[in-house]
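First comes the structure, then the notes that go with it.
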Amino acid sequence: MGAIFRREMGAYFSSPIAYIFLAVFYAFSGFFFFTTSIMYSISDMSGMFGSLFLIIVFLIPEMTMKLFSEEKKQKTEQGLLTAPVSLNAIVAGKYLAALTLYTIGISIIFLYALIIEYFGNADWSVILSNYLALFLVGGVFIAITTFISSLTENQMIAAIGGFISLMFIYMIDYIAEIIPWKPVSDVVSKLSFIDKYSEFTMGLFNIGSIVFFLSAIVIFNFLTVRVFEKRRWS
């Protein structure tokens with residue numbers, strides 16, 4: 001797994017993907033930090049965290065689109081499948097590389113928190129809660145888009161498929177509202193990522209939401225392993 005992780009991290013930083021992701025994320029997070037906190041001279045950063053949910057919906061599919069689709073396109077997939085490495089290690093290595101890059105991006109939040117602390121009193125418990133929420137949601141989004149990348153050899157299709165999937169998640173609340181049958185509507189609304197994410201932005205530490213996010217990460221990484229397990233034996 002370590003070799004796969006190092007290979008993917010090297011691939012990220014030897015291509016424009018890492019730099020574009022970090023630059024765009026820093027630009028938007030800085031903009032939202034300025035317009036929701038600095039401009040109004042308040043220490044509350046929840047407005048910025050709420051806005052970043054939609055930003056990662058756009059950015060993560062571009063970050064993960066080539067994780068597996070590129071292997072197929074370059075005909076290196078068979079080398080991976082026949083390597084003396086377990087499929088779990090391959091998927092975990094690629095997933096952790098993407099998650100590491102994402103973590104580097106969202107860690108800029110602590111710089112903003114230090115700015116707030118310098119001029120006033122930052123509520124670190126709320127900031128850490130929000131950071132955890134952003135980390136977990138990003139972890140789920142990376143797992144979902146990595147799974148989609150494993151289904152195709154076309155990076156553009158992987159990116160579009162990932163974006164559509166994440167937009168569906170973003171709009172679950174709206175979808176639940178228009179479903180006329182209440183039992184189905186209630187089930188769909190319980191899958192709302194935004195509701196669970198918003199709990200953290202308000203400073204509420206919900207163990208159930210953490211379990212929900214971690215379960216989603218495990219499920220989609222498992223599905224990615226199954227895709228390649230099927231391919232290995234076909």
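The values are calculated or read from the model by the stated rules, or taken from the named source; none is laboratory data. Keep in mind it's a predicted model, so treat the numbers as computed, not measured. Heads up, the Cβs are rebuilt from the backbone with ideal geometry, glycines too, and the neighbour counts pull from every protein chain shown.
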Meets criteria (surrounded by fewer than 16 Cβ atoms within 10 Å (Cβ to Cβ) and part of a helix (DSSP H, G or I)) for Ile20: yes
Qualifying residue in the stretch 171-191 (condition: modelled with pLDDT under 90, aromatic (Phe, Trp, Tyr) and farther than 22 Å from Ile109 by Cα): yes
Selection count where residues are more than 23 Å from Pro61 (Cβ to Cβ), in a helix (DSSP H, G or I) and touching a residue at least 60 places away in the same chain (Cβ under 8 Å), scope the stretch 120-153: 4
Complete set of residues in the stretch 173-229 that are surrounded by 16 or more Cβ atoms within 10 Å (Cβ to Cβ), without any contact (Cβ under 8 Å) to a residue 40 or more places away in the chain and among the aromatic types (Phe, Trp, Tyr): Phe212
Residue match in the stretch 49-71 (condition: farther than 20 Å from Val140 by Cβ and not in a helix (DSSP H, G or I)): no
